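Scroll down for the structure; my scribbles are underneath it.
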Amino acid sequence: MSKIGVFICHCGENISATVDCARVAQAAAEMEGVAYATDYKYMCSEPGQQLIRQAIREHNLDGVVVGSCSPRMHEPTFRRACAEAGLNPYLCEIANLREHCSWVHEKGEATTQKAIDIVQGLVEKVRRNQPLTPIRVPVTKKALVIGGGIAGIQAALDIANCGHRVILVEKEPSIGGHMAQLSETFPTLDCSQCILTPRMVEVAQHPNITLYTYAEVESVEGFIGNFKATIRLKAKSVDEKKCTGCGLCTTKCPNKKIPGEFNEGLGTRTAIYVPFPQAVPNKPVIDKEHCNYYQKGKCRVCEKFCPTGAITFDQPDQFITEEVGAIVVTTGFRVLPTSFFPEYGYGRYKDVITGIQFERLASASGPTMGEIRRPSDGTVPKKVVFIACCGSRDPAKGIPYCSKICCMYTAKHAMLYQHKVHDGESTVFYMDIRAGGKNYEEFVRRAIEEDKVNYVRGRVARVYERADGKLVVRGVDTLLGAQQVEIEADMVVLATAGVANPGAEELAQKLHISYDPYHFFAEAHPKLRPVETNTAGIYLAGACQAPKDIPETVATASGAAAKVVSLLSQDDLVREPLVAVVNRCAPPVYSTCVGCFLCQTACPYQAIEREEIKDRQGRVIKTVAKVNPGLCQGCGTCVSFCRSKAIDIQGYSNEQMYAEVNALLNHE
Amino acid sequence: MKNYQIKHSDLDGWLEKIIAAGRRVIAPVTEEGHTDFRPIHSPAEVAADDQVQTIQSAKQAAFPKAETLFSYRKEGTAVSLDQPAPESYLQTVVWRARPCDAAGFTPLSAIFNWDYKDNLYNARLARTTLVAFSCQQADAYCFCTSVGGGPGEKKGCDILVTKLPSGKALVEVCTEKGEALAALAPGLFSEANAVADDSPLFAEKQSALAQLPARFSKEDIRRHLAEAFDSPVWREQSERCLGCGACAFVCPTCACFDIQEDPHGSHGRRIRCWDSCAFALFTQHTSGHNPRPSQATRWRQRILHKFSYMPERLDATGCTGCGRCSRACPVDMNLLEHLTSIAQK
Amino acid sequence: MNNWNKQIADMLADGTVALVIGYEEGSTPQKTRPLFCHDAVAAERLVMDGRCTHNLAVYLTKKELLPAEGRIGVVATVNVLKSALQLMQENQIPEGRFLLMAVGPEGKLTELPDAESLRQYIAAHPLPDNPEVAALIEKIDAMSREERWAYWQECLSKCVKCYACRAACPLCYCTRCIVEDNRPQWILPWASTLPNIEWQINRVMHMAGRCTGCGACYAACPLHLPIHLLTKKLTQEINREFGTERPAKGNVLSTFSPDDKENFIH
Amino acid sequence: MDENKAAFEPRIIAFVCNWCTYAGADLTGTSRIKYATNVEIVRFPCTGRIDFMLLLKAFAAGADGIIVSGCHPNDCHYTSGNFHARRRWIVFRGLLDFLGIDVRRIHYYWVSAAEGAKWAEVVNQTVAEIRELGPYTEYKKVANYIEETEAAHE
């Protein structure tokens, strides 16, 4: 027999103006299982809470219903008051008599009756509430950061600087990512490498950071606070401990004509190579695909010349396992290549290049030492056309979204070009100029007004090569009444769309995080949880979520780091116990879960695992579902799905909800 | 009690009078090719008399599949109880039951009056009149003659009607309830139609009955069952059993029931409904332990209860040989076949 | 003795299988019934023809009936194979535990050792849709709502809750059926109209995307209530709304598409 | 509308998710928008949690109408609970309709936390429509009915 206390709040006159609170309390007193009921002017006030506490003690109450404002307002207040009086806080429920009753109805019998019904429903619910204790999950105080671009670097440094250990995994031979490729950065035009490389070095030297380059995450198991990641260390064919980074091998390698990734194919590298001079670590790897020894079985020139004997051919890939408490995914993005665009020649014209290729041309450390020269003949182009929104905002291309950074970098490119080629002419075709951001609009105005970049609002239909070898850009100027324009160009720069990295989907599946139709990783909530994923303990930063500029990338990285640090700063993770639970019962049944596991796909959080129930000899009796309380967020979708009702959710259990629904219609 | 002869064609007129007298009449009705007992309101609804059996037995007249034992209402601290008044039960006539249906009420009554006298059952039965028709055909599942019954057996009937090839029907009135029913058609059941005890019509009745030689005797079965508790036969016979309740629910003598609550806040009721020993949950304890953990043990219980425990404790056999369980069984568990094999072991 | 009976007798004799589940002659010439063969002698009784309609897959989840060691052979109809495949997808049949076998027109025995072979066999032996069932569904669809309610109310009021429909269904293998859960008492346990309707709604919803359409539920019903129309109708709806392909992982109702219709949500 | 219908006050249960519709209904209150008293709200964590059996139980307990409401697509606090719910309702509705259960009495809505005014409209509209349909007598009749008990009595 339960002893429920019912406390009806007047909320000043907010409730009592339309609801007869005394009558509600009176009606509640007569409800089955109610031991005490009263009304009071301000239940949330200290005297009101004291009234609840006192009644709990005096009447030995085992459940409380407070009829007051919305539970979204004062549920924590009243649950705390109950806890202070020794009652498990989860034995307290709130009847929403203000927002859902007194404020939305006129004064009258029906309103008071509705209030009574609401209370009745929650009395029946609370009679079936179970005392709950918050869930504690131990936390491994180490983080894994996947991706060593600026996002990963920033996140790793922030976490490491808070005293936690970080594993940073980068798939390329060096960290740095796209930012290392950039020439200058908008809107300040400071040199990208100058601001980035000190941070790269800091990562390498940080005592709390373990850096694995040329490495990839193979698999991830576990859950928040308790992940186990297996990392593949791809064979570098160079013993890092012996290598001094002298670079002799790279000068001796006979295979010199390999298009370099770092220079976006505009420069070449050798088969044993360091991607760029400031690489971290500054030690070479052998690219097996292009190495004569690996491909043809003969050469080993580098081995001959290496003064320290660091070359280790036939080194296998290594696998290491790291236990971490949190994971930050910062795997970045890529831009579409020019070959994606049939209207611009499918990448056939050498002087039609992407924005990132232009970055390399403009970079002082690039293949042209910072001089703008055409890839085809090395001459300085006198007329350059920049085309914005190449692919982006074009549903026909499958990319309806805005790539966000192109407006700004196109302005920057045009500006850099004008700075470097004083007699040059630059034209930008654009749809709209999106320059939202600190000093961004001013930056674009400067390009137009001071550097005289010719902005044409319109789409480019075609780029083609005339018989004389000149490129012609045919487009439309919508500000001149959709007039067709044709502009000759020595070079065309396409601001191609930023898209997800190949393999993003595969990684998401390894991590059990969700992704959008474009394979960008999905936030738990686009506004309020922008750096979290739906999988607790896994966070996102940077352009793996969507194209982002550097400030935003760094901000999300620091945001994700803050989330990680707040997680790792706890010994135990404490979570609301409103989670799903698979039942256990007496043998020989053990659990009424029949182990069909169809529920697994109903869970948005991959919280449903398999558990083997074993006898004392260790033999498996049955395999049943188990909800990982560390991952479960308590939506209850599995509960409604389970055919045999073997899963239930604490706080919204089948018994509770059934009783509440039935009780609401109790009065005749 | 008297016996009468009437014309086949007068049977409907009699039924009409019974209906007109306000009796609730349950009779075989054919829907979608299947015949079962249903309430009827006109003789035209009654199925043609060409089938061996209805799907279900007539037991529902006195032992419905669900019934309210009592209802309650709470106001403040006062509780009021409402129990159905036995007087309020309608006078019911089961029309064209079979002798095996009628025979079923003997073991059923024995169970419902074993220690506790079940007023609801008794009151319903007291208001039920069974008009049985002798069987003129039997099928592969029938075995009444092996368990003490017969296609023209009067025991348990209030009235037994036997249709004779001559176009006459011999009406044997067996009880006062039967007399009361005959009295509703005084024109038919007149002195002129009375049949003497030595009438040749009784011989004609015997010749009109279905021929069904006994395959075993109750005593054979009891003797074998006394030693069969640990026999492998239970597992062998029950392997294909699916554990549904079809056999028990169509059986004229199965009396197992469950008692359930139907609470609605301050009011509610307690309900009795059919249950079956074939269900795994039937004997499951709250602890999880089940003393009959397998279908084999449940099948054994079914047979032992009917053919060993009931004869020992109630002096009644829990089977009338109607064969309904076998016809209803989704996997063709044939009781006659199983019993014959036990008797021959 | 057919050649395939001999083959199965040999398999039982040499221990290839410890048990074979198949069909034998039933009580009347019109029907057959399930048979458990524990030895080669029993295998002589096995039959396979158009009368074999029981869905033997129902036994594959009944551990108490199956020998602890050894493989179990099943002489299966296509309906049995379809159910067995679904059971595999639902993690109910351990790999390699059962040897499913089909008997071809000339008595040729085909062994179907794994899910892939089952899939191929089922695809190669499509079962025709029962036009009577489709016609009945159309008839009910054509009724007014009130007529439909009257039809089903009348029909299901007859149900005695023997649960033969559940017992005969290979996919009703729950350790504890929802009707046996009394906290809360989801479905009132006695047989009367609403509890009967609620039971059928549950049974059918729980079959969503799983029902293989074998009709065992209807065949088992001692009262011949046309409850298979409900599962069939549900399958039709699911096929129409979500296509005939079932998700590779999970169930129709534990997966979704962002493009599912919502013309009824405002 | 005849007088009986006007006098009939339908009883309606609303099954709503905590994050969108419950909060939206809170906003209706905060905005002091008035609506009919006939609806009682049951709070669930997510529409994904709403068991179809609970809807049937509401009818069995005497509800004349039902509202089911949650987050708009892509707004779900749990990302996909509402998608799962939507699919469940598609199948469930089809089955109910085939059984002749009056699906016009179950109203489905998406009401976000910002749509306080919409919640008031949703309630008023549902109440008006259910009032027009009248009490769900045919369901209530079978809800507490035990054939044998009732049929066999005077």
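The values are calculated or read from the model by the stated rules, or taken from the named source; none is laboratory data. These numbers come from a predicted model, not from an experiment. Cβ atoms come from the backbone with ideal geometry, glycine included; neighbour counts cover every protein chain shown.
Residues in segment C:207-247 that are in a loop (DSSP other than H, G, I, E, B), at the interface with another protein chain (Cβ under 10 Å from one of its Cβ atoms) and over 14 Å from the mean Cα position of the chain (by Cα): 6 in all.
Counting residues in segment A:622-634 that are basic (Lys, Arg), within 27 Å of the chain's Cα centre (by Cα) and at pLDDT 95 or above gives one or more. If you go through segment D:107-138 and keep only what is under 25 Å from C:Leu253 (Cβ atoms) and either in a helix (DSSP H, G or I) or out of contact with any His (no Cβ under 6 Å at 6 or more places or on another chain) (or both), you end up with D:His107, D:Tyr108, D:Val111. No other residue among C:Val160, C:Val204 is farther than 27 Å from C:Lys63 by Cα and either more than 8 Å from chain D (Cβ to nearest Cβ) or aliphatic (A, V, I, L, M) (or both) apart from C:Val160.
I'd like to know if segment B:159-177 contains one or more residues that are at positive phi and at pLDDT below 95. Yes - at least one qualifying residue is present in segment B:159-177. Scanning segment D:28-57 for residues being of a type in the set (Phe, Trp, Tyr) and either free of Cβ contacts under 8 Å to residues at least 12 places away in the same chain or more than 7 Å from every other protein chain (Cβ to nearest Cβ) (or both) gives a total of 0.
Each residue in segment C:127-168 was checked for being among the aromatic types (Phe, Trp, Tyr) and in contact with an Asp or Glu (Cβ under 7 Å, 6 or more places away or on another chain), and 1 pass. Of all the numbered requirements in (1) surrounded by 14 or more Cβ atoms within 10 Å (Cβ to Cβ); (2) at pLDDT below 95; (3) under 18 Å from A:Tyr349 (Cβ atoms), A:Val463 misses one, and that requirement is (2). Somewhere in segment D:82-100, is a residue surrounded by fewer than 24 Cβ atoms within 10 Å (Cβ to Cβ), more than 9 Å from chain C (Cβ to nearest Cβ) and at positive phi? Checking segment D:82-100: not a single residue is surrounded by fewer than 24 Cβ atoms within 10 Å (Cβ to Cβ), more than 9 Å from chain C (Cβ to nearest Cβ) and at positive phi. Just so you know, in segment B:86-125 the residues that are in a helix (DSSP H, G or I) and among the β-branched types (Val, Ile, Thr) include one that is farthest from the other protein chains (Cβ to nearest Cβ), and it is B:Thr106. The residue that is surrounded by the fewest Cβ atoms within 10 Å (Cβ to Cβ), counting only those in segment B:263-305 that are among the hydroxyl-bearing types (Ser, Thr, Tyr) and within 11 Å of chain A (Cβ to nearest Cβ), is B:Thr286. Confirm whether D:Arg104 is crowded, with 24+ Cβ neighbours inside 10 Å, assigned to a helix (DSSP H, G or I) and not hydrophobic (A, V, I, L, M, F, W, C). Judged against the criteria, D:Arg104 is not a match. Scanning segment B:283-305 for residues being among the small types (Gly, Ala, Ser) and in contact (Cβ under 8 Å) with a residue 60 or more places away in the chain gives a total of 1. Here A:Glu655 fulfils each of the conditions (1) crowded, with 23+ Cβ neighbours inside 10 Å; (2) at pLDDT 95 or above; (3) not in a loop (DSSP other than H, G, I, E, B) apart from (1).
The residue that is surrounded by the most Cβ atoms within 10 Å (Cβ to Cβ), among those in segment C:31-43 that are out of contact with any helix residue (DSSP H, G or I) (no Cβ under 7 Å at 6 or more places or on another chain) and more than 10 Å from chain B (Cβ to nearest Cβ), is C:Ala42.
Looking for something assigned to a loop (DSSP other than H, G, I, E, B), within 12 Å of another protein chain (Cβ to nearest Cβ), in contact (Cβ under 8 Å) with a residue 24 or more places away in the chain and more than 19 Å from C:Gly22 (Cβ to Cβ) - is there at least one such residue anywhere in segment C:81-98?
The first filter runs over segment C:81-98 and keeps only residues assigned to a loop (DSSP other than H, G, I, E, B), leaving C:90-97.
Then drop every residue that is not within 12 Å of another protein chain (Cβ to nearest Cβ), which leaves C:90-94.
Within this subset, residues satisfying the condition of being in contact (Cβ under 8 Å) with a residue 24 or more places away in the chain are C:90, C:92-93.
Filter again for more than 19 Å from C:Gly22 (Cβ to Cβ), leaving C:90, C:92.
Yes, segment C:81-98 has at least one match.
Return yes or no: is B:Leu188 touching an Asp or Glu at 6+ places or on another chain (Cβ under 8 Å), in contact (Cβ under 8 Å) with a residue 40 or more places away in the chain, of a type in the set (A, V, I, L, M) and in a loop (DSSP other than H, G, I, E, B)? In short, yes. The condition (being touching an Asp or Glu at 6+ places or on another chain (Cβ under 6 Å) and of a type in the set (Phe, Trp, Tyr)) is satisfied by just one residue among B:Phe257, B:Phe216, B:Phe279: B:Phe257. Among residues of segment A:643-668 that are facing chain C (nearest Cβ under 9 Å) and in contact (Cβ under 8 Å) with a residue 40 or more places away in the chain, those with a Cβ under 8 angstrom from a residue that is small (Gly, Ala, Ser) and in a loop (DSSP other than H, G, I, E, B), sequence gap 6+ or separate chain, pair up as A:Ala646/A:Ser591; A:Asn662/B:Gly265; A:Asn662/D:Ala61. Would you confirm whether or not segment A:609-632 contains a residue that is within 14 Å of chain C (Cβ to nearest Cβ) and either under 22 Å from D:Ile50 (Cβ atoms) or assigned to a helix (DSSP H, G or I) (or both)? Yes, segment A:609-632 has at least one match.
For segment B:306-335, residues that are touching a residue at least 40 places away in the same chain (Cβ under 8 Å) and either over 29 Å from C:Pro29 (Cβ atoms) or away from chain C (no Cβ under 14 Å) (or both) total 14. Considering A:Glu30, A:Glu75, the condition of being surrounded by fewer than 17 Cβ atoms within 10 Å (Cβ to Cβ) and out of contact with any Lys or Arg (no Cβ under 8 Å at 6 or more places or on another chain) is satisfied by A:Glu30 alone.
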